[in-house]
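Some notes on the structure that comes next.
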Amino acid sequence: MKIKKIKPIIKTETNIEFKYKLEGFGCSKAYLKIGDTKVIFPSISYLCFPITDLLEGLLSIIAEWDIISKQGKNTKITNDDSVFIWEDEPGGYAWSLERHRRRNLRIIIKSLYEDESGKEKYNKIVLDKIVNFKAFLAVILTQIDAIVKEYGLLGFRGNWATNTQFPLSQFLELKYYLLYNKILYISKEGKTKNWSLKKELQLLNTEIL
């Protein structure tokens with residue numbers, strides 16, 4: 001008699017908290033809690049681009065789902081996850097964002113720090129959770145939206161590094177997706193129909209919650 005394998009039940013977490021704070025020129029700190037697991041990012045360095053990398057990673061997930069919706073669920077995507085590092089001096093945390101079934105997102109965070117004895121903690125997983133994509137996106141964008149409104153675009157640049165711009169286009173595309181549940185397609189040639197700077201400013205000023 002062939003025994004049918006039972007797939008393990010993977011819990012989708014709904015309790016999500018995220019805080020991000022600029023700590024002066026070229027330094028920030030953050031806090032992420034999903035379910036019963038939390039990660040504190042004590043000193044994120046100017047050596048990386050934390051907000052940009054996080055937003056671009058989330059955008060790549062939306063792009064993958066868009067491809068699948070058009071070409072079918074059996075479509076193979078070569079790079080089906082987004083990996084980036086929030087660096088400290090030394091150490092930091094490596095993020096991995098992966099598509100998961102039913103519009104969920106798997107988030108894996110690994111420590112790149114060493115403990116006091118000098119033993120390497122490279123690739124030690126400190127968080128591995130499944131979340132609803134839009135629920136996670138809402139928490140992330142709400143915090144970033146608050147930073148933009150408090151500091152302004154130039155203020156963000158001034159508090160991070162002189163050559164670092166706030167990732168405005170990525171932020172607006174994700175905010176549009178969150179608010180209207182559809183992708184914002186911008187023409188690569190010529191003017192996009194019904195789109196203008198006025199629309200972008202309205203989107204920028206729109207409250208998420």
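The values are calculated or read from the model by the stated rules, or taken from the named source; none is laboratory data. Only a predicted model underlies this, so the values are computations on that prediction, with no experimental measurement involved. Cβ atoms come from the backbone with ideal geometry, glycine included; neighbour counts cover every protein chain shown.
Of all the listed residues (ASN163, ASN194, ASN79), the sole one being part of a loop (DSSP other than H, G, I, E, B), at pLDDT below 95 and on the phi > 0 side of the Ramachandran plot is ASN194.
Restricting attention to segment 35-48 and to residues that are of a type outside the set (S, T, N, Q), touching a Ser or Thr at 6+ places or on another chain (Cβ under 9 Å) and under 21 Å from VAL126 (Cβ atoms), the residue that is surrounded by the fewest Cβ atoms within 10 Å (Cβ to Cβ) turns out to be GLY35.
In this structure, is PHE156 under 17 Å from LYS21 (Cα atoms) and part of a loop (DSSP other than H, G, I, E, B)? The answer is no for PHE156. Would you confirm whether any residue within segment 138-159 is farther than 19 Å from PHE49 by Cα and among the charged types (D, E, K, R)? Yes, segment 138-159 has at least one match.
Answer yes or no: is there a residue in segment 167-178 that is at pLDDT below 90, at negative phi and either surrounded by fewer than 18 Cβ atoms within 10 Å (Cβ to Cβ) or not charged (D, E, K, R) (or both). No, segment 167-178 contains no residue that is at pLDDT below 90, at negative phi and either surrounded by fewer than 18 Cβ atoms within 10 Å (Cβ to Cβ) or not charged (D, E, K, R) (or both). Evaluate segment 141-148: report whether one residue or more is surrounded by 14 or more Cβ atoms within 10 Å (Cβ to Cβ), within 24 Å of PHE25 (Cα to Cα), at pLDDT 95 or above and of a type in the set (S, T, N, Q). Within segment 141-148, one or more residues are surrounded by 14 or more Cβ atoms within 10 Å (Cβ to Cβ), within 24 Å of PHE25 (Cα to Cα), at pLDDT 95 or above and of a type in the set (S, T, N, Q). Selection within segment 82-127: residues that are touching a helix residue (DSSP H, G or I) at 6+ places or on another chain (Cβ under 7 Å) and polar (S, T, N, Q). The member of this set that is modelled with the lowest pLDDT is SER82. Only residues that are in a strand (DSSP E or B) and over 18 Å from THR52 (Cβ atoms): list them for segment 89-110, please. If the condition is that a residue be in a strand (DSSP E or B) and over 18 Å from THR52 (Cβ atoms), then GLU98, ARG99, HIS100, ASN104, LEU105, ARG106, ILE108, LYS110 are the ones that fit. Within the option set VAL148, VAL126, VAL139, being of a type in the set (A, V, I, L, M) and not in a helix (DSSP H, G or I) holds for one residue only, VAL126.
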